[in-house]
Amino acid sequence: MAQAEQNQPKFVNQIEEAFARILDYYHIRWEYEPRTFDLEWDEMGAVSVAFTPDFYLPDEDLYVELTTLRPKLMRQKNAKLRRMAELYPDVKIKLFKRQDLRDMMIKYGMDEEAEQLLGTEAMTPLPATNGRSDPA
């Protein structure tokens with residue numbers, strides 16, 4: 001069952017919010033940022049790099065990461081995804097890039113949201129965040 005509207009999390013950006021609306025519309029169960037995966041540790045054993053996918057779809061056992069980063073800024077995100085595959089080979093994760101998201105918004109009649117994916121405005125966070133400031 002989809003998230004109840006009053007239980008909506010505080011999304012980092014408008015694209016995450018729009019994606020959640022699509023999932024809700026199709027009654028796809030989802031969780032927002034339910035797990036953080038440790039990727040690297042320092043010499044003392046403390047986690048130095050971690051990755052928190054945006055969504056988890058429990059019925060599909062699939063994590064979804066959304067990004068509006070420009071292609072030339074994707075190196076760090078891609079490195080994290082490669083490290084995820086090395087350390088957690090059984091975890092399924094799908095990355096939706098800027099163009100994927102824009103195409104999806106247009107397909108589902110969300111033309112206004114799709115327009116926001118043009119230019120640097122796509123990376124603008126929502127006014128109230130849940131404390132997460134990492135765009136990667």
Order these by the 10 Å Cβ neighbour count, fewest first: Lys80, Lys97, Lys107, Lys10.
Lys107, Lys10, Lys97, Lys80
Taking 7 Å along the Cα-to-C-beta vector as the label spot, tell me the Arg70-Asp103 distance in nanometres, rounded to one decimal.
2.2
Extension gain Leu62-Glu112, at 0.36 nm per residue separation less the Cα-Cα distance, in nm?
15.3 nm
As a footprinting exposure proxy, order Arg29, Arg35 by other Cβ within 10 Å, with the fewest listed first.
Arg35, Arg29
Could you run the Karplus curve 6.51 cos²θ - 1.76 cosθ + 1.60 with θ = phi - 60° over the range 33-38 and give me ³J(HN,Hα) per residue in whole Hz, x for Gly and Pro?
6, x, 8, 10, 9, 6
Only counting other Cβ atoms within 10 Å, I'd like Glu112, Glu31 sorted with the fewest neighbours first.
Glu112, Glu31
5 Å is the cut-off here: which amide hydrogens, built 1.01 Å from N in the peptide plane, fall below it relative to Phe37, excluding neighbours closer than 5 in sequence?
Phe51, Thr52
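Every number in this text was worked out from the coordinates using simple rules, so none of it is lab data. It should be emphasised that the depicted structure is a prediction, and the values quoted were computed from it without experimental measurement. All Cβ positions, even for glycine, are placed from backbone atoms using ideal geometry, and neighbour counts span all protein chains on display.
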